[in-house]
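The values are calculated or read from the model by the stated rules, or taken from the named source; none is laboratory data. This one's a predicted model, so the numbers in the text were calculated from it and none came from an experiment. Virtual Cβ from ideal backbone geometry, glycine too; neighbours counted across all protein chains shown. These area figures cover heavy atoms from the full protein model, side chains too; ligands, DNA and RNA do not enter into them. Shrake-Rupley method; radii C 1.70, N 1.55, O 1.52, S 1.80 Å.
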Amino acid sequence: MNEPNYEARRGKLIKKFREAEIDCLLISGVSNVRYLTGFTGDSSWLFLSGQHQILMSDTRYETQLEAECPGLDVEIRDASSTILDMSAKLILKSKAKRPGVEGDQLTVSQYAALESRLTDSPAKLIPTSGLVERQREVKDKYELEQIREAVHIAERGISVVRSSLRPNQTETEIRYLLEASMLDFGGTGPAFEPIIGVGPTAALPHAHAGMRLVSEHPVLLVDWGAQNHSGYRSDLTRVFITGKPTKQIEQVYKVVLAAQQAAIKAIRPGTACVDVDRIARGMIADAGFGKFFGHGLGHGFGLDIHESLRMSPLSKQTFEPGMVVTVEPGIYLPGKFGVRIEDDILVTAQGCEVLSSVPREFEEAFVPFLA
């Protein structure tokens, strides 16, 4: 089993400071702190410079930090101090003139409060964007191992749902059965609130499970994922056919599947994300459903369910080995039904690997009800 090398991750990040024109970096994003230290709590910020690597936290986490972050310098505050006070003191002590902060993570008020604590010093805060997030786009061996486990847990969970569908089940009941099943198979929870949609509800890309019965319409859309013990996630979507489908249902399903498979086939190192998005989007448009596919084709994931890698018409990123991304085209017909098919993809040196194996062909989507 691989182990995470947090020190190497921090070292790699520090090497980027010169290009970013900063002397040090204050990391406040919860997932970014976890990625760089292994700490699973919150309310803790990491200060990095060429000379210092210090995790700031409070007395609630003192014992936990000793167990999770051995060898890392830790400063603990009590109730008489704030994390902004500690951050300002470290910046002043480092004599940094261009301290970096995470512009995508700090609130405006936090930025202003920190800036006010540095008024009498030569330090000028430099907002940065995506320094840690871009590093997280390419997963190391440990991360890939964890993501594979999260995919496996999700697949085992959906197998329970698929094998136990009853006509009188509601969307909400299916959601809770799925969540409980993933816990039974070793997950620590869902990767996000599962999207369970029957018929018209499936036409809402981010619907909340409600009280619609699964027997009310032959289309059942399930978008789900698992979170494993290390915090890594998976993200899948399948449409199950629980009754006699119309010709339109079959057509839409097959268009979405063909678009997804063509996009996956195009993923390889050096390919622009926008080009892969264009392949799937073009096929759906050519079939006459272009206005019914409005979201991006896919996104990166890992410690967060949506990470900075994106496939959309606006994407400017290029695939690299070690990236993981969802591929999830959809067609949503308001008031009727929606179809989305989503798999988790690893970019390899030669092309890509589909990490998920839940059946996806139209003939495999038929699921009978239990008597």
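Test Val219 against the criterion of being of a type in the set (A, V, I, L, M), more than 13 Å from Gly338 (Cβ to Cβ) and more than 21 Å from the chain's Cα centre (by Cα), and give yes or no.
The answer is no for Val219.
Does any residue of segment 288-305 turn out to be touching a His at 6+ places or on another chain (Cβ under 7 Å), outside any helix (DSSP H, G or I) and open to solvent by 50 Å² or more (accessible area, probe 1.4 Å)?
No, every residue in segment 288-305 fails to be touching a His at 6+ places or on another chain (Cβ under 7 Å), outside any helix (DSSP H, G or I) and open to solvent by 50 Å² or more (accessible area, probe 1.4 Å).
Identify all residues within segment 239-287 that are touching a residue at least 60 places away in the same chain (Cβ under 8 Å) and either of a type in the set (D, E, K, R) or not in a helix (DSSP H, G or I) (or both); write none if there are none.
Val239, Phe240, Ile241, Thr242, Glu250, Lys254, Ile267, Arg268, Pro269
Just name the residue that is least open to solvent (accessible area, probe 1.4 Å) out of those in segment 48-85 that are touching a Phe, Trp or Tyr at 6+ places or on another chain (Cβ under 8 Å) and in a helix (DSSP H, G or I).
In this case the residue turns out to be Leu65.
Per-residue answers, yes or no, for (1) among the hydroxyl-bearing types (Ser, Thr, Tyr); (2) closer than 24 Å to Gly300 by Cα:
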residue: Arg148; (1), (2): no, yes
residue: Pro167; (1), (2): no, no
residue: Thr188; (1), (2): yes, yes
residue: Ala203; (1), (2): no, yes
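Which of the residues belonging to segment 184-199 are open to solvent by 40 Å² or more (accessible area, probe 1.4 Å), outside any loop (DSSP other than H, G, I, E, B) and not charged (D, E, K, R)?
Pro190
Do you know which of the residues in segment 138-179 that are under 20 Å from Ala207 (Cα atoms) and without any contact (Cβ under 8 Å) to a residue 40 or more places away in the chain is farthest from the chain's Cα centre (by Cα)?
Ranking the candidates gives Glu173 first.
Helices (runs of 4 or more DSSP H) wholly in segment 107-162 with at least 2 residues that are within 30 Å of Asp235 (Cβ to Cβ) and in contact with a helix residue (DSSP H, G or I) (Cβ under 7 Å, 6 or more places away or on another chain) - which ones? Give the derivation first.
Working: elements: 108-116, 131-136, 141-162.
Passing ranges, in order: 131-136, 141-162.
Across segment 86-101, which residue is nearest to Val33 (Cα to Cα) among those that are out of contact with any Pro (no Cβ under 8 Å at 6 or more places or on another chain) and open to solvent by less than 50 Å² (accessible area, probe 1.4 Å)?
Ranking the qualifying residues of segment 86-101, first place goes to Ser87.
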